[in-house]
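The values are calculated or read from the model by the stated rules, or taken from the named source; none is laboratory data. Given the structure is predicted, the values throughout are model-derived calculations rather than measurements. With ideal geometry, Cβ positions are generated from the backbone for all residues, glycine too; neighbour counts draw on all protein chains shown.
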Amino acid sequence: MGREIERIALERGHEIAGRIDVSNRQELAALSNEKVDVAIEFSTPEAAVDNIKKCLEKGWPVVSGTTGWLGHKKEIETLCRQHEGAFFYSSNYSIGVNLFFRLNIYLAKLMKGQPYDVDMTEIHHIHKKDAPSGTAITLAEGLQAGNRDLEGWTLAPEKRERYVPISSERTGEVPGTHIVRYSSPIDMIEISHTAHGRQGFALGAVVAAEWLKGRKGIFGMDDLLNLEG
């Protein structure tokens, strides 16, 4: 993702002030504030919180797409407000996925009270560390928003009444597939999103960084895409 984000940023006329990874993390503190307009953070669940904190403390707006660390999200948002900074988070920067999120909520509202069981499958490449994916968790939250009878999600094969079971598969180099499934003895309804590559995620992150420059506050893809309700 880092290489794809850099490629797209350069194509759109931006300069890369620094490239920080596991091999040179100490160089983050040395980067000049004058050279950085926005930091784009795609790392690992273990590194994300510290990375984001350091960037916010340096006064840089941060666009983050790392998943698996959201237990600390309120802490990050508090730090952002303390520094009067800007923080943009999405579990998925694809425009198509964010439209899919809205479709998922709408369908959940339609299915409320109907005799269907809902479950989800997400499929990703073998390098992805967290399970279920952040996108799957966002979809599960959307199911709850559309159907308040649901109380949360579980990672299959665990099953709990009023919880959405999520199956996570890791295979090959799959960029990301998400399927929401409603099943009954009579029929089945599915909605799905399949990414053909990482370009859509990377482009969305760069566009978010362009949009975030000069703003203050906590933002997400609904703000960028001007999606309401």
If you check G59 against the conditions, is it of a type in the set (G, A, S), without any contact (Cβ under 8 Å) to a residue 60 or more places away in the chain and either in contact with an Asp or Glu (Cβ under 6 Å, 6 or more places away or on another chain) or exposed (fewer than 15 other Cβ atoms within 10 Å of the Cβ) (or both)? yes
Within segment 87-99, the residues that are at pLDDT 95 or above and closer than 19 Å to I137 by Cα are F88, Y89
Of the conditions (1) buried (at least 21 other Cβ atoms within 10 Å of the Cβ); (2) assigned to a loop (DSSP other than H, G, I, E, B); (3) in contact with a strand residue (DSSP E or B) (Cβ under 7 Å, 6 or more places away or on another chain), A131 clears all except one; give me its number. (1)
Considering only residues that are among the polar types (S, T, N, Q) and crowded, with 18+ Cβ neighbours inside 10 Å, look in segment 65-86 and name the one that is modelled with the lowest pLDDT. T67
Among V118, V180, V164, V97, which is the only one that is part of a helix (DSSP H, G or I), touching a residue at least 40 places away in the same chain (Cβ under 8 Å) and not polar (S, T, N, Q)? V97
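Return the only residue of E190, E158 being within 21 Å of L103 (Cα to Cα) and acidic (D, E).
Values: E158 fails: within 21 Å of L103 (Cα to Cα).
Just one listed residue meets the conditions, E190.
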Since Q26 meets every condition but one in (1) under 17 Å from A205 (Cα atoms); (2) more than 18 Å from the chain's Cα centre (by Cα), which condition does it not meet? (1)
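Pull up segment 162-178, narrow it to residues that are among the polar types (S, T, N, Q) and touching a Ser or Thr at 6+ places or on another chain (Cβ under 9 Å), then point me to the one that is farthest from S91 (Cα to Cα).
S167
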Return the residue satisfying two criteria in turn: it lies in segment 183-206 and is touching a residue at least 60 places away in the same chain (Cβ under 8 Å) and of a type in the set (V, I, T), and of such residues it is farthest from L139 (Cα to Cα). V206
Restrict the check to segment 47-64 and report whether at least one residue is in a loop (DSSP other than H, G, I, E, B), over 19 Å from the mean Cα position of the chain (by Cα) and aromatic (F, W, Y). yes
